[in-house]
Amino acid sequence: MSFELKSPIQLTIQKTIPDEVIKQDTETDVKFQNIVYWMHDVGKTVRGQDHVHIDFFKAMNEMENLNWEYRRNYIGFRNHKTKDEVQFIRISEDKWYADVPIDDGPHWPGYVWGSIGDSKTISEMVRLFFEEMPWFGMLSWKSKRTRYAKD
């Protein structure tokens, strides 16, 4: 046993057992996420073709700061590992439009699953998206065709 004086008031007592071996098995639970994003807001644009990587915390920050008073705002995410993709438009402080392309490809006909959700539901959905957990069931979706088809 050894004693070490740290300060006039603090005393550290350390007991050493020479025959005891301490084994530490640590498992790192870090996985690389190949998620990119695109967005457009007042004063900031990130193009999809730039393939800018993003993590969950930055995604939530970007979404929180998205200006709902700017009618052309949007933010989207694509997970290259799972091939999942989702895009959001912030309609008001607590109201979001979400869409997911159906059969996205080089000749995408413009069909999406679209839905409206509140901020709490959307942020939970984004968390699940980034955790690569089932997220699609968070909203009630309806199929529709957008004007952004790749025909």
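The values are calculated or read from the model by the stated rules, or taken from the named source; none is laboratory data. Predicted, not measured: the structure shown is a model, and the values here were computed from it. Positions of Cβ are backbone-derived with ideal geometry, glycine not excepted, and every protein chain shown enters the neighbour counts.
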Verdict on residue 96 being closer than 16 Å to residue 122 by Cα and in contact with a Gly (Cβ under 7 Å, 6 or more places away or on another chain): yes
Take the residues in the range 109-140 that are more than 18 Å from residue 64 (Cβ to Cβ) and polar (S, T, N, Q), then tell me which one is surrounded by the fewest Cβ atoms within 10 Å (Cβ to Cβ). 140
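Sort out for me the strands (runs of 3 or more DSSP E) sitting completely within the range 59-151 that have 1 or more residues that are in contact with a helix residue (DSSP H, G or I) (Cβ under 8 Å, 6 or more places away or on another chain).
Passing ranges, in order: 74-79, 85-92, 95-101, 111-118.
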Considering the range 34-58 alone, what residues qualify as being part of a loop (DSSP other than H, G, I, E, B) and closer than 23 Å to residue 133 by Cβ? 34, 54, 55
Residue 3 fails exactly one of (1) modelled with pLDDT of 55 or more; (2) outside any loop (DSSP other than H, G, I, E, B); (3) among the hydrophobic types (A, V, I, L, M, F, W, C), namely (1)
Residue hits (the range 93-103; over 22 Å from residue 56 (Cα atoms) and exposed (fewer than 15 other Cβ atoms within 10 Å of the Cβ)) are 103
With criteria (1) more than 17 Å from the chain's Cα centre (by Cα); (2) closer than 20 Å to residue 46 by Cβ, residue 99 comes up short on (1)
